[in-house]
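Undergrad: Just passing along the structure, written as structure tokens.
The values are calculated or read from the model by the stated rules, or taken from the named source; none is laboratory data. Worth saying up front: this structure is predicted, and the values here are computed from it rather than measured. All Cβ positions, even for glycine, are placed from backbone atoms using ideal geometry, and neighbour counts span all protein chains on display.
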Amino acid sequence: MDDVTAQHLDRAAAIASRHAAVLERASTVEVVARPASVHRAAALGLTMSRVHESTGLFDRRYVPSLSMVLRGRKRSIVGDDDQVWGRERFIITPVDLPVVAGVVDTAGDEGFVSAIWRLDPLVVSEVVASMSSSAVRTTEELPRLATWTAPLADAVARLLALLDAPEDIPVLFPLVSREVVLRLLQTAQAPRITAALDGIGTSVVAGATALLTDRMAEPWSMERLARELRVSESTLFARFKQATGMSPAQYLKRTRLGEARRRMVLHAETAARAAAAVGYRSASHFSRDYREAYGRPPAADALVAREQLALAPAV
């Protein structure tokens, strides 16, 4: 990482760390009494987290967003892609995505600091429409982790700086948010963003993720999913893979396992009942997939996860 990019990210980390501490204290306060910075973060589409101890792995559902680690390192599992990363990289999530994540390095006394910025599909579509078709690069294989550029890091730092300048938000936020999207589209991640953007409300990928999430217990196949969405199987597979990094079958499996785990951890359901609820017809198949995903048998993992849950922030 060059010095200019590092300086921008240092600035972003300092701001995010300070406000994450405020948001953490405010999490137990009644809504009407929460400090103004909480409402500013929500208005800017920002979620920040600061952690001082490593965490276990937890299932998260990421909405369309830019995810960044500003201090420390985390582990993220998306489908079969399992990586540990830090501030030298960022991740784009163009559609709702099931992710398993946890903090693995807290950067000493400074603590792990992360931020997630929610992508507005209207803003993305406006910026894409204003660019020439050649400006959005295409590629067959996209890395899950992307490398920061100095212009992108600068724009993100100025976005976070609006937390300290509420009077500037009405004027500058629309401009800065469009600049962040533009800088993202100038990186190798551009195809991942545009693959999920067929038009507001009509995205094939968004439609597929909605069906697989809302009706996960049903017996889906590529043929049936493509028929429901009125596209060819090849088009569906290509767009889905490019946007999410997973095939529809991998997405469905991760979604089912995450929901089953949530049921066991939060509602103390048995493995058999949770498996049946999410669409597994075979207990042995569920146990095998679960152990492969989380490293322990379902019941044992749920017990450990339940003990860790109270200490786990959103990362």
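Undergrad: Which residues, taken from segment 66-89, are out of contact with any Asp or Glu (no Cβ under 6 Å at 6 or more places or on another chain) and surrounded by fewer than 21 Cβ atoms within 10 Å (Cβ to Cβ)?
TA: Answer for segment 66-89, where residues must be out of contact with any Asp or Glu (no Cβ under 6 Å at 6 or more places or on another chain) and surrounded by fewer than 21 Cβ atoms within 10 Å (Cβ to Cβ): R75, I77, G79, D80, D81, D82, Q83, V84, W85, G86, E88, R89.
Undergrad: Within segment 57-73, which residues are among the charged types (D, E, K, R) and under 13 Å from the mean Cα position of the chain (by Cα)?
TA: If the condition is that a residue be among the charged types (D, E, K, R) and under 13 Å from the mean Cα position of the chain (by Cα), then D59, R60, R61 are the ones that fit.
Undergrad: A further question follows. Of all residues being in a strand (DSSP E or B) and β-branched (V, I, T) in segment 90-101, which is surrounded by the most Cβ atoms within 10 Å (Cβ to Cβ)? Just the residue, please.
TA: Quick first cut of segment 90-101, residues in a strand (DSSP E or B) only: 90-93, 97-101.
Add one more test, that the residue is β-branched (V, I, T), and what stays is 91-93, 99-100.
Working: I91: 26, I92: 22, T93: 24, V99: 19, V100: 20.
Top of the filtered list is I91.
Undergrad: From the list A283, A210, which residue is farther than 28 Å from R144 by Cβ, of a type in the set (G, A, S) and modelled with pLDDT under 95? First the steps, then the outcome.
TA: Working: A210 fails: farther than 28 Å from R144 by Cβ.
Of the residues listed, the single one that is farther than 28 Å from R144 by Cβ, of a type in the set (G, A, S) and modelled with pLDDT under 95 is A283.
Undergrad: Could you say which residue among T194, T235, T209 is surrounded by fewer than 19 Cβ atoms within 10 Å (Cβ to Cβ) and among the β-branched types (V, I, T)?
TA: T235
Undergrad: Test of understanding: among R262, R291, which residue is out of contact with any helix residue (DSSP H, G or I) (no Cβ under 7 Å at 6 or more places or on another chain), within 21 Å of S76 (Cα to Cα), of a type outside the set (F, W, Y) and in contact (Cβ under 8 Å) with a residue 40 or more places away in the chain?
TA: R262
Undergrad: Looking only at segment 243-260, decide whether some residue is over 20 Å from D80 (Cβ atoms) and out of contact with any Leu (no Cβ under 6 Å at 6 or more places or on another chain).
TA: Applying the first criterion (over 20 Å from D80 (Cβ atoms)) to segment 243-260 yields none.
For segment 243-260, residues over 20 Å from D80 (Cβ atoms) and out of contact with any Leu (no Cβ under 6 Å at 6 or more places or on another chain): absent.
Undergrad: Take segment 102-157 and flag every residue that is at pLDDT 95 or above, in a helix (DSSP H, G or I) and within 25 Å of V78 (Cβ to Cβ).
TA: Correct list: L152, A153, A155, V156.
Residues checked against (1) in the same structural domain as H19 (by TED's automatic domain parsing); (2) free of Cβ contacts under 8 Å to residues at least 12 places away in the same chain; (3) under 26 Å from R158 (Cβ atoms); (4) not charged (D, E, K, R):
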{"position": "H52", "(1), (2), (3), (4)": "yes, no, no, yes"}
{"position": "R61", "(1), (2), (3), (4)": "yes, no, no, no"}
{"position": "I77", "(1), (2), (3), (4)": "yes, no, no, yes"}
{"position": "R87", "(1), (2), (3), (4)": "yes, no, yes, no"}
{"position": "D96", "(1), (2), (3), (4)": "yes, no, no, no"}
{"position": "S114", "(1), (2), (3), (4)": "yes, no, yes, yes"}
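Undergrad: Where residues in segment 245-295 are polar (S, T, N, Q) and not in a helix (DSSP H, G or I), which of them is surrounded by the most Cβ atoms within 10 Å (Cβ to Cβ)?
TA: S247
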